[in-house]
Each structure stands twice: as C-alpha cells, then as structure tokens.
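**Student:** Got a structure for you, questions after.
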Amino acid sequence: MKLLAFLVFILSYSSLVFGQNYQRSFYVQDRFKKEVKVSNKILNSLKTDVQIQNCLKYSKENSLKTNWFKATHINLNNDGLADVIVEPTRVGKCRTAMRPPYWILLNKGNKYDLVLAANTFSLYINKEKTKGHFNITIDWSTAATQFKTTFGFDGRRYNKIAHLEKPNI
C-alpha cells in the first residue's frame, strides 16, 4: 500500500514539475504528438530570427505563411503559460534537408519571445533547470563526430552551458 501511495505521489509530482501533457523529446523525422495552430503572434516572433530573415530574402514570398510551420506546446518554466516549439513543414521553405531548425518561443502572455534557435537532429527538454527554466539539449552527428550541446536560460534567452564532441567509432 505504501508503495502504491509513493508511486501516485511521484507521478503527480512529475506532472506538476515537468508538465505531463507536454512533449519533451523531438526528433527530425517524427511528428509532434499534438500540433497547435501557428498564430500570427508566433510568426511575428519568428521574424526576429536571422535564418527566417534569410529564408524570406531568398524566397519569392513577401511574408511568412502559417502553413510553412508546425508547432506544439512545451513547458519551459512551470508558469502556467504554454510555451511553443516550432519547426518548418517542408524542405525549401525555411528548412534544410539534413538538420532542420527548431525555434523555442517563451510565452509572455501578450507575445512570444524567441529564446533559442537551433538546427539539430534531436532536441530534449531536460529535468535540470537554470534560472527557473528547464535546460535544453540538442544533438547531431556527422560521419566522423557526434555533437551534444546543452543550453541554459540566462534570464532573457538560452545560451550554451555545455558542449561535447566525440568521434564516431
């Protein structure tokens, strides 16, 4: 009976701390578990990214289109506001074939702040925190080397706090 009570406590605590309903692992060819509509607030935040600006500069389009992107809610800081991760939907519209970009947007209530942009094979929202926000780890590899970078929140955006490279054997 004590074991059952302990397990219920752990599951309840885990959902409070890590946001049970939010996806925490993202892989290059996987679908988001629960997509959400890409709003104009999200598009306005994406426009601040250099990669997005270059995408528009070299495309024949004058503005971003919501159907170029997919998004899902994530939990960065347990503040009760749903943050967002965004990924392009097609190759050629702000997406590369090998390591697509992911954009992490922090919900500020009336707007989203772009807090991390990263091209990667996979992205994880960790259990560890920096300044009240969950750390984020990305990893990717080449034929010769594996890379893993962890980002922590500095109060305004995510910055690199650890980086590991190791040879593929």
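The values are calculated or read from the model by the stated rules, or taken from the named source; none is laboratory data. All values derive from a computational prediction rather than experimental measurement. Positions of Cβ are backbone-derived with ideal geometry, glycine not excepted, and every protein chain shown enters the neighbour counts.
**Student:** Test of understanding: among Lys57, Lys41, which residue is at pLDDT 75 or above and loosely packed, with under 11 Cβ neighbours inside 10 Å? Spell out how you get there, then give the answer.
**Tutor:** Values: Lys41 fails: loosely packed, with under 11 Cβ neighbours inside 10 Å.
One residue alone meets the criteria, Lys57.
**Student:** Something else: Just checking, does segment 110-133 include any residue being within 21 Å of Ala71 (Cβ to Cβ) and more than 16 Å from the chain's Cα centre (by Cα)? Even if it seems obvious, please write down each step before you answer.
**Tutor:** Within segment 110-133, the first condition is being within 21 Å of Ala71 (Cβ to Cβ), and the residues that meet it are 110-126, 133.
Keeping just the survivors that are more than 16 Å from the chain's Cα centre (by Cα) gives 110-111.
Within segment 110-133, one or more residues are within 21 Å of Ala71 (Cβ to Cβ) and more than 16 Å from the chain's Cα centre (by Cα).
**Student:** Check segment 139-146 and report whether any residue there is under 17 Å from Leu43 (Cβ atoms) and either surrounded by 14 or more Cβ atoms within 10 Å (Cβ to Cβ) or at pLDDT 95 or above (or both). Quick ask: steps written out before the conclusion?
**Tutor:** To start, the set of residues in segment 139-146 that are under 17 Å from Leu43 (Cβ atoms) comprises none.
No, segment 139-146 has no match at all.
**Student:** Among the residues of segment 124-150, write down those that are part of a strand (DSSP E or B), hydrophobic (A, V, I, L, M, F, W, C) and under 16 Å from Arg99 (Cβ atoms).
**Tutor:** Let us first name the residues in segment 124-150 that are part of a strand (DSSP E or B), namely 124-130, 133-141, 145-150.
Going one step further and asking which of them are hydrophobic (A, V, I, L, M, F, W, C), we end up with 125, 134, 136, 138, 140, 147.
Across segment 124-150, the qualifying residues are Ile136, Ile138, Trp140, Phe147.
**Student:** For segment 130-169, enumerate the residues that are in contact (Cβ under 8 Å) with a residue 40 or more places away in the chain and out of contact with any Leu (no Cβ under 8 Å at 6 or more places or on another chain). Show your work before the answer.
**Tutor:** At the first step, the residues of segment 130-169 found to be in contact (Cβ under 8 Å) with a residue 40 or more places away in the chain are 132-134, 140, 153, 156-158.
Within segment 130-169, Gly132, Trp140, Arg156 meet the criteria.
**Student:** Would segment 64-75 turn up any residue that is more than 22 Å from Asn40 (Cβ to Cβ) and either touching a Gly at 6+ places or on another chain (Cβ under 6 Å) or in a loop (DSSP other than H, G, I, E, B) (or both)?
**Tutor:** Filtering segment 64-75 for residues more than 22 Å from Asn40 (Cβ to Cβ) gives 75.
When the remaining residues are screened for being either touching a Gly at 6+ places or on another chain (Cβ under 6 Å) or in a loop (DSSP other than H, G, I, E, B) (or both), the result is 75.
Yes, segment 64-75 contains at least one residue that is more than 22 Å from Asn40 (Cβ to Cβ) and either touching a Gly at 6+ places or on another chain (Cβ under 6 Å) or in a loop (DSSP other than H, G, I, E, B) (or both).
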